[in-house]
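The values are calculated or read from the model by the stated rules, or taken from the named source; none is laboratory data. Keep in mind that this is a model prediction, so the values were computed, not measured. For neighbour counting, all protein chains shown are included, and Cβ atoms are generated from backbone atoms with ideal geometry for every residue, glycine included.
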Amino acid sequence: MGQGDRAKQHSFFFVTISCIFVTSLIASNIVAVKIISVMGMVLPAAIVIFPLSYIIGDVLTEVYGYGSARRVIWLGFACNLLVVLILWIGKILPAAPFWKADDAYARILGYTPRLLVASFLAYLVGEFSNSFVLAKMKIATKGRWLWTRTIGSTLIGEGLDSLVFITLAFYGAMPNDILLSTIVTQWLIKCVYEAAATPLTYAVVGFLKKREGLDVYDFGTRFSPLIFGKQ
């Protein structure tokens with residue numbers, strides 16, 4: 001890899017997109033503790049921001065390739081883990097005598113181990129599936145019909161994310177029919193979100209490809225999530 005390749009990988013736009021990805025992920029995990037009601041549907045507030053991480057994941061894979069997206073996915077995982085650790089330390093530190101919100105802090109920001117495991121596994125399964133499907137579809141379509149890749153990869157990635165998270169987090173805590181209904185509802189809403197954002201995705205991808213001079217096809221890429229280099 002030459003110096004030019006390294007410069008492209010770490011360009012201003014790549015770093016900016018990566019930061020937005022990580023921020024949307026962490027923010028969605030924090031606001032997820034609030035349950036909202038939209039048109040009679042009960043959903044976590046994260047439904048507003050979390051699909052953005054999949055849209056950005058599409059942009060990263062489409063422009064920079066699976067290898068670069070893989071590193072950003074692991075970066076998001078590490079940053080989210082760090083935030084959870086910091087919040088846990090804040091929880092166990094002794095409160096000042098005048099601080100009366102300790103219970104509220106623990107209730108809102110104190111994640112249970114079950115929810116943490118469900119969240120982290122769902123994130124990894126969903127994001128890597130999304131990136132893998134998009135990269136493979138780009139090769140199969142010879143770079144045409146971007147909308148088929150963004151929506152198709154979301155159907156798989158968001159579907160697996162919803163299935164893994166809700167099953168691990170709530171199986172046994174709610175009736176199976178409601179569990180299934182919740183999985184399907186979240187999946188459909190996230191996919192509609194992605195479809196509605198397609199014009200914006202087209203605009204961002206087109207801008208980045210032109211400014212970066214990149215349009216990566218993952219021929220010969222090793223798709224294992226556990227490889228941290230480019231290939």
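Which members of segment 14-25 meet the condition of being surrounded by fewer than 17 Cβ atoms within 10 Å (Cβ to Cβ) and touching a residue at least 12 places away in the same chain (Cβ under 8 Å)? Working first, answer last.
Just the residues of segment 14-25 that are surrounded by fewer than 17 Cβ atoms within 10 Å (Cβ to Cβ), to begin with: 15-16, 19-20, 23.
Answer for segment 14-25, where residues must be surrounded by fewer than 17 Cβ atoms within 10 Å (Cβ to Cβ) and touching a residue at least 12 places away in the same chain (Cβ under 8 Å): just ILE20.
Can you find a residue that is of a type in the set (A, V, I, L, M, F, W, C) and part of a helix (DSSP H, G or I) anywhere in segment 209-231?
Of segment 209-231, the ones of a type in the set (A, V, I, L, M, F, W, C) are 214, 216, 219, 223, 226-228.
Now narrow it down to the ones that are part of a helix (DSSP H, G or I): none.
Scanning segment 209-231 turns up no residue that is of a type in the set (A, V, I, L, M, F, W, C) and part of a helix (DSSP H, G or I).
Results for (1) surrounded by fewer than 14 Cβ atoms within 10 Å (Cβ to Cβ); (2) under 25 Å from VAL38 (Cβ atoms); (3) modelled with pLDDT of 90 or more; (4) not basic (Lys, Arg), shown as yes or no for each residue.
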position	(1), (2), (3), (4)
ILE151	no, yes, yes, yes
GLU158	no, yes, yes, yes
ILE189	no, yes, no, yes
TYR193	no, yes, no, yes
LEU200	yes, yes, yes, yes
ARG211	yes, no, yes, no
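So which residues in segment 137-155 are free of Cβ contacts under 8 Å to residues at least 60 places away in the same chain and over 14 Å from LEU188 (Cβ atoms), if there are any at all?
Step one: list which residues in segment 137-155 are free of Cβ contacts under 8 Å to residues at least 60 places away in the same chain, which gives 137, 140-142, 144-145, 147-148, 151-152, 155.
Matches in segment 137-155: MET137, ALA140, THR141, LYS142, ARG144, TRP145, TRP147, THR148, GLY152.
Check off (1) in a helix (DSSP H, G or I); (2) surrounded by fewer than 19 Cβ atoms within 10 Å (Cβ to Cβ); (3) in contact (Cβ under 8 Å) with a residue 12 or more places away in the chain for GLY76 and give me the number that stays unchecked.
Exception for GLY76: condition (2).
Would you be able to tell me the number of residues in segment 33-84 that are in contact with a strand residue (DSSP E or B) (Cβ under 8 Å, 6 or more places away or on another chain) and among the basic types (Lys, Arg)?
The qualifying residues number 1.
Filter segment 193-225 down to the residues that are touching a Leu at 6+ places or on another chain (Cβ under 9 Å) and hydrophobic (A, V, I, L, M, F, W, C), then identify the one that is nearest to VAL125 (Cα to Cα).
The selected residue is ALA197.
Any idea which residue in segment 136-153 is nearest to VAL205 (Cα to Cα), counting only those that are under 23 Å from the mean Cα position of the chain (by Cα) and of a type in the set (S, T, N, Q)?
Looking at the filtered set, the residue picked out is THR150.
If I go through segment 96-116 residue by residue, how many of them are of a type in the set (Gly, Ala, Ser) and surrounded by 13 or more Cβ atoms within 10 Å (Cβ to Cβ)? Before the answer, list the steps.
Filtering segment 96-116 down to residues of a type in the set (Gly, Ala, Ser) leaves 96, 101, 104, 106, 110.
Now restrict to residues that are surrounded by 13 or more Cβ atoms within 10 Å (Cβ to Cβ): 106, 110.
Counting residues in segment 96-116 that are of a type in the set (Gly, Ala, Ser) and surrounded by 13 or more Cβ atoms within 10 Å (Cβ to Cβ) gives 2.
Would you call ALA95 free of Cβ contacts under 8 Å to residues at least 40 places away in the same chain and in a loop (DSSP other than H, G, I, E, B)?
On the way: free of Cβ contacts under 8 Å to residues at least 40 places away in the same chain: yes; in a loop (DSSP other than H, G, I, E, B): yes.
So ALA95 passes the test.
Restricted to segment 45-70, and to residues that are aliphatic (A, V, I, L, M) and closer than 14 Å to GLU127 by Cβ, which residue is surrounded by the fewest Cβ atoms within 10 Å (Cβ to Cβ)? Let's see the steps before the verdict.
Restricting attention to segment 45-70, the residues satisfying the condition of being aliphatic (A, V, I, L, M) are 45-49, 52, 55-56, 59-60, 63, 69.
With the extra rule that they be closer than 14 Å to GLU127 by Cβ, the set shrinks to 52, 55-56, 59-60, 69.
Numbers: LEU52: 19, ILE55: 22, ILE56: 24, VAL59: 23, LEU60: 25, ALA69: 29.
Among them, the one singled out is LEU52.
Return the only residue of LEU168, LEU124, LEU188 being without any contact (Cβ under 8 Å) to a residue 24 or more places away in the chain and within 20 Å of the chain's Cα centre (by Cα).
Details: LEU168 fails: without any contact (Cβ under 8 Å) to a residue 24 or more places away in the chain; LEU124 fails: without any contact (Cβ under 8 Å) to a residue 24 or more places away in the chain.
So the residue among LEU168, LEU124, LEU188 that is without any contact (Cβ under 8 Å) to a residue 24 or more places away in the chain and within 20 Å of the chain's Cα centre (by Cα) is LEU188.
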